[in-house]
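No value in this document is a laboratory result; all are computed from the given coordinates. These figures come from a predicted structure and were not determined experimentally. Cβ placement follows ideal geometry from the backbone for every residue including glycine, while neighbour counts extend to all protein chains displayed.
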Amino acid sequence: MALTLSGTNGVVGAGFTLDPSGASVTAGIATFSSAEVGSVTLNSSAITVDTPAGTESRVNINEGSTTNSLRLFQNAGESCIQCRSSQPLNIKSQAGAGTTSHLAFWTRNNERLRIAADGKVGIGTTTPSTIVDAIGTVRATSFTATQPEYLRVAHTDASHNQSLTDNVTYTIQFGSEYDDTKDGWTTGAANYYTIQETGYFLITTQAVLTSSAVSSLREWAIGVEQSTDGGSSWSILLVNGGRGGGNDYTDTDTITPSLTLMHYLAATTRIRVRAWCNVDGGTWQVDEDLSDPLSGNVLGSGGVDNQKGTRLFIMRLF
């Protein structure tokens, strides 16, 4: 066994006891034994434990009431920190609610993963902005969202969108939501949904547009619009429309245009649906379903109801 003690001007201090047989040295409460280590070097900057080739170099930390230690070891195959007792192994960067330190993991002299002070995890980024923020391609065998962002609303009564003026665009006033997992729906004349989490969204909508007079619905359109400034301005994401015929004498009464789109939307973006009709100077309305403009059994004996007419669906895909 070799024990090297470094100090200032050759003074290493008191408290070192050498076993008469030379098998171990006790320094205060620490014992260095030749049976377990080849050499231990203590100096002002490091404690070094060296063992012969082919053996395992270990540092054990053991509290008196535990039966197994926390072990830091290295052998020819690996370097490892091992908790050998029943207590949990906690890795802490800093304690206290007011701290701002992070915990980072490095390989090949580059940071690969960071846990920020607020618990956000970044992979490939040092500034994670979500619970898990990964830069690059992420692959998984499966993915489960515990609470996906989803909205389903319908036009539910005759007090909305009735006797609308010819050639004027209106916001479709849907009723209360049937499903709204993130509570982002705003009812009333404004009628919009506020995106709660940034991501890619599937949006689909349709509207039963009906002229108040026979053979007067000449042109129509519906569109999905977004606002990124709290409703101050709006822009169209997608629009669908058509004409009843090639001239003023070829008209129709009811049309149900629909549209579907996928779009990347940031949190706080507002989504609404707008409709427009040319009814040759008359009025028009947005019906809740097809039971009013159509007669008889539609699509078999099931008929139609207010669950299958004017609708809006919004779902975050990822």
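Each pair of Cα atoms in the range 91-139 enters the Kirkwood radius, and Stokes-Einstein at 20 °C and 1.002 mPa s then converts it into a translational diffusion coefficient of 189 µm²/s. Packing, taken as the mean count of other beta carbons within 10 Å per residue, orders the peptides 199-211, 255-267 from highest to lowest as 199-211, 255-267.
The value obtained for the range 46-191, namely the Cα convex hull volume divided by the number of residues, is 283 Å³ per residue.
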